[in-house]
Amino acid sequence: MQLITGISELVVNDLATLGELGVITDAALLIDDGRIIWSGSSAEADTAAGSHFGDGGRSLNDDDIANGEVTSANDLSGLETIDLGGKAVIPGFVDSHNHLIFAGDRSEEFAARMAGQKYSAGGIATTVAATRAASEAELEANLVHLLDQAKRQGTTTFEIKSGYGLTVADEIQALDIINRHTEESTLIAAHVVPPEFKDEPERYVDLVIDEIIPAATGKAKWIDVFCETGAFTEDQTRRIIEAGKSAGMKPRLHANQLTESGALKLGAELGCVSVDHATFASDEDLAVLAEAGTVVTLLPSIEFSTRQPYPDARRYVDAGVSLAIATDCNPGSGFSNSMPFVIAIGVRDMHFTVEQAVWAATAGGANALQRTDVGHLGVGARADLTILDAPSYRHLAYRPGVQLVERAYSGGELIVDNRPRG
């Protein structure tokens, strides 16, 4: 069991309410068997440790917890104490939208955009060619490297998509790699029509439905489609999403990134858990999404990298839409895996409050993945937490570009330690 004290601000989070951080000042946490079993004032920590300690140092299970309270109480043998000396603690970031299985480099394309060229969905084909040419070991090594970078930025939960192979074998290989690193695996074989089907997109849609989805059954938790000009039409999207749902995959959607269309309404109609991008959204779109309870995942680094207009988060909030923010780390439209970076952009350019942005990057991402065990630090949650080298969570937006993650824990285990050596 671990007792963490000296927390200047503890962000607990209410999963149901955007921006409701439930901050406890001068706080402490108790962790047992990788879960949060108590949080409160540091002044109450000794008493809490004594009354919430497992029997003889054993791990707690569900029978020990009733209505948010730990019912067993015994001695303090084996208690590990950690004094943070006045640092803030937040839930580990939940990055609910990533494209991390790829090969190749598109920095030249980025430089061209910054020089005035427009972004289009067609650039994905460049990565498809490089990914098909790479070995499984090369693809996994790149994924591990990117995950390590993101963990050092405080991310503890990842969703990862396929989508740069676009053949049966390549998409299944991608899912196999993904499943070795996260349970949040997404099949997006409908990312773009590959070059060999350029003149016969319906044939490729048939391949996705008749061959790739059946082969991916049991390997992909989620099904996704890029519903956009230059990618897949609304009718094609409907067919693919329905096929994925029939195979037991949960639906999500890339929608309205480049143009305003019916994709957001389609996502709500199809029961998508999350519609992502939503850069262009009408008032009617937002009303439909709010009514359906669909999470809208905004992706600030994409607008940063493509120079698309930033959506105004205040419109979405005022419409009652449930929001998340994620990195959408990918080699083309936004190659950042830093959640603190997207928080800063969300606050500066999308008009999130700091509280809303921090919540959307943690609890919001958990909602987008239908997870109740991560994204918060309430009793029973996984002990996924990020210790900041700062006294307040506000520094995440206040000091952009600065490494503020001191340590990160996943399931109560230290996975990142950025403290200086020596």
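How many residues are of a type outside the set (G, A, S), open to solvent by 60 Å² or more (accessible area, probe 1.4 Å) and more than 19 Å from the chain's Cα centre (by Cα) when one looks only at the range 403-422? Show your work before the answer.
Going residue by residue through the range 403-422, those that are of a type outside the set (G, A, S) are 403-407, 409, 413-421.
The next check asks that each one be open to solvent by 60 Å² or more (accessible area, probe 1.4 Å); those that pass are 403, 413-415, 419-421.
Filter once more, so that each one left must be more than 19 Å from the chain's Cα centre (by Cα): 403, 413-414, 419-421.
Residues meeting the conditions: 6.
Within the range 406-422, can you find the residues that are touching a Gly at 6+ places or on another chain (Cβ under 9 Å) and assigned to a loop (DSSP other than H, G, I, E, B)?
G411, G412, listed by residue number.
Within the range 187-228, how many residues are out of contact with any strand residue (DSSP E or B) (no Cβ under 8 Å at 6 or more places or on another chain), touching a residue at least 40 places away in the same chain (Cβ under 8 Å) and among the charged types (D, E, K, R)?
1
Which residue is surrounded by the most Cβ atoms within 10 Å (Cβ to Cβ), if the candidates are limited to the range 121-159 and must be hydrophobic (A, V, I, L, M, F, W, C) and in contact with a His (Cβ under 7 Å, 6 or more places away or on another chain)?
Here is the first cut: in the range 121-159, the ones hydrophobic (A, V, I, L, M, F, W, C) are 121, 124-125, 128-130, 133-134, 137, 139, 141, 143-144, 146-147, 150, 158.
This time we only want the ones that are in contact with a His (Cβ under 7 Å, 6 or more places away or on another chain), so: 124, 143, 147.
Details: I124: 25, L143: 22, L147: 20.
Out of the qualifying residues, it is I124.
I'd like the residue in the range 242-282 that is among the basic types (K, R) and over 21 Å from the mean Cα position of the chain (by Cα) and, out of all such residues, is surrounded by the most Cβ atoms within 10 Å (Cβ to Cβ).
Applying the first criterion (among the basic types (K, R)) to the range 242-282 yields 245, 250, 252, 265.
Next, from what is left, pick out any that are over 21 Å from the mean Cα position of the chain (by Cα): 245, 265.
Values: K245: 16, K265: 20.
That would be K265.
Tell me which residues, restricted to the range 96-120, are more than 24 Å from the chain's Cα centre (by Cα), open to solvent by less than 30 Å² (accessible area, probe 1.4 Å) and not charged (D, E, K, R).
A112
Residue by residue through the range 373-392, note down the ones that are under 20 Å from L298 (Cα atoms) and either of a type in the set (V, I, T) or open to solvent by 10 Å² or more (accessible area, probe 1.4 Å) (or both).
At the first step, the residues of the range 373-392 found to be under 20 Å from L298 (Cα atoms) are 374-376.
Selection gives V374, H376.
Restricting the range 4-53 to residues that are over 27 Å from A313 (Cβ atoms), open to solvent by 10 Å² or more (accessible area, probe 1.4 Å) and of a type in the set (A, V, I, L, M, F, W, C), which is modelled with the highest pLDDT?
Going through the qualifying residues, I end up with W38.
Residues checked against (1) at pLDDT 95 or above; (2) assigned to a loop (DSSP other than H, G, I, E, B); (3) under 21 Å from L143 (Cβ atoms); (4) of a type in the set (A, V, I, L, M, F, W, C):
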{"residue": "L100", "(1), (2), (3), (4)": "yes, yes, yes, yes"}
{"residue": "K118", "(1), (2), (3), (4)": "no, yes, no, no"}
{"residue": "A125", "(1), (2), (3), (4)": "no, no, yes, yes"}
{"residue": "A129", "(1), (2), (3), (4)": "no, no, yes, yes"}
{"residue": "R132", "(1), (2), (3), (4)": "yes, no, yes, no"}
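Looking at (1) open to solvent by 50 Å² or more (accessible area, probe 1.4 Å); (2) more than 25 Å from L166 (Cα to Cα); (3) small (G, A, S), which one does G230 not meet, given that it meets all the others?
(2)
Given the residues R348, R315, which is the only one that is touching a residue at least 12 places away in the same chain (Cβ under 8 Å), farther than 19 Å from L396 by Cβ and not small (G, A, S)? Break it down into steps so the answer makes sense when it comes.
Values: R348 fails: farther than 19 Å from L396 by Cβ.
Exactly one of R348, R315 is touching a residue at least 12 places away in the same chain (Cβ under 8 Å), farther than 19 Å from L396 by Cβ and not small (G, A, S), namely R315.
Out of all the residues in the range 283-293, is one or more under 20 Å from the mean Cα position of the chain (by Cα) and open to solvent by 10 Å² or more (accessible area, probe 1.4 Å)?
Filtering the range 283-293 down to residues under 20 Å from the mean Cα position of the chain (by Cα) leaves 289, 293.
After this cut, where a residue has to be open to solvent by 10 Å² or more (accessible area, probe 1.4 Å) as well, the list is 293.
There is at least one residue in the range 283-293 that is under 20 Å from the mean Cα position of the chain (by Cα) and open to solvent by 10 Å² or more (accessible area, probe 1.4 Å).
Can you spot a residue in the range 185-195 that is surrounded by fewer than 17 Cβ atoms within 10 Å (Cβ to Cβ) and at pLDDT below 95? Can you show your working first?
The initial filter retains those residues of the range 185-195 that are surrounded by fewer than 17 Cβ atoms within 10 Å (Cβ to Cβ), namely 195.
Then keep just the ones that are at pLDDT below 95; that gives 195.
Yes, because at least one residue in the range 185-195 is surrounded by fewer than 17 Cβ atoms within 10 Å (Cβ to Cβ) and at pLDDT below 95.
Looking at (1) farther than 22 Å from F93 by Cβ; (2) modelled with pLDDT of 80 or more, which is the one condition that is false for N74?
Every listed condition holds for N74 apart from (2).
Can you tell me which residue is most open to solvent (accessible area, probe 1.4 Å) among those in the range 160-173 that are more than 15 Å from M249 (Cβ to Cβ) and part of a helix (DSSP H, G or I)?
Only one residue tops the list, namely A169.
Out of curiosity, is G244 closer than 26 Å to D14 by Cα, of a type in the set (G, A, S), in a helix (DSSP H, G or I) and at pLDDT 95 or above? Before the answer, list the steps.
Numbers: closer than 26 Å to D14 by Cα: no; of a type in the set (G, A, S): yes; in a helix (DSSP H, G or I): yes; at pLDDT 95 or above: yes.
In short, no.
Given the options L143, L147, name the one that is aliphatic (A, V, I, L, M), touching a residue at least 40 places away in the same chain (Cβ under 8 Å) and in contact with a helix residue (DSSP H, G or I) (Cβ under 7 Å, 6 or more places away or on another chain).
Values: L147 fails: in contact with a helix residue (DSSP H, G or I) (Cβ under 7 Å, 6 or more places away or on another chain).
Within the list L143, L147, the selection yields L143.
Is there a residue being open to solvent by less than 10 Å² (accessible area, probe 1.4 Å) and more than 26 Å from E136 (Cα to Cα) anywhere in the range 209-218?
no
Return yes or no: is D389 touching a strand residue (DSSP E or B) at 6+ places or on another chain (Cβ under 6 Å) and within 30 Å of A125 (Cα to Cα)?
Numbers: touching a strand residue (DSSP E or B) at 6+ places or on another chain (Cβ under 6 Å): yes; within 30 Å of A125 (Cα to Cα): no.
For D389, the condition - touching a strand residue (DSSP E or B) at 6+ places or on another chain (Cβ under 6 Å) and within 30 Å of A125 (Cα to Cα) - is not met.
What about L299, is it touching a Ser or Thr at 6+ places or on another chain (Cβ under 9 Å), of a type outside the set (G, A, S) and open to solvent by less than 20 Å² (accessible area, probe 1.4 Å)? Don't jump to the end; show me each part of the working.
Details: touching a Ser or Thr at 6+ places or on another chain (Cβ under 9 Å): yes; of a type outside the set (G, A, S): yes; open to solvent by less than 20 Å² (accessible area, probe 1.4 Å): yes.
When the stated conditions are applied, L299 passes them.
Filter the range 174-205 down to residues that are basic (K, R) and in a helix (DSSP H, G or I), then give me how many there are. Before the answer, list the steps.
Here is the first cut: in the range 174-205, the ones basic (K, R) are 180, 198, 203.
Next cut, in a helix (DSSP H, G or I) only: 203.
Within the range 174-205, residues that are basic (K, R) and in a helix (DSSP H, G or I) number 1.
The values are calculated or read from the model by the stated rules, or taken from the named source; none is laboratory data. Quick caveat: nothing in here was measured; it's all calculated off a predicted structure. Here the Cβ is made from the backbone with ideal geometry for all residues, glycine too, and neighbour counts use every protein chain on show. Ligands, DNA and RNA are stripped out before the accessible areas are found, and what is left, the full protein with its side chains, is counted by its heavy atoms. Shrake-Rupley method; radii C 1.70, N 1.55, O 1.52, S 1.80 Å.
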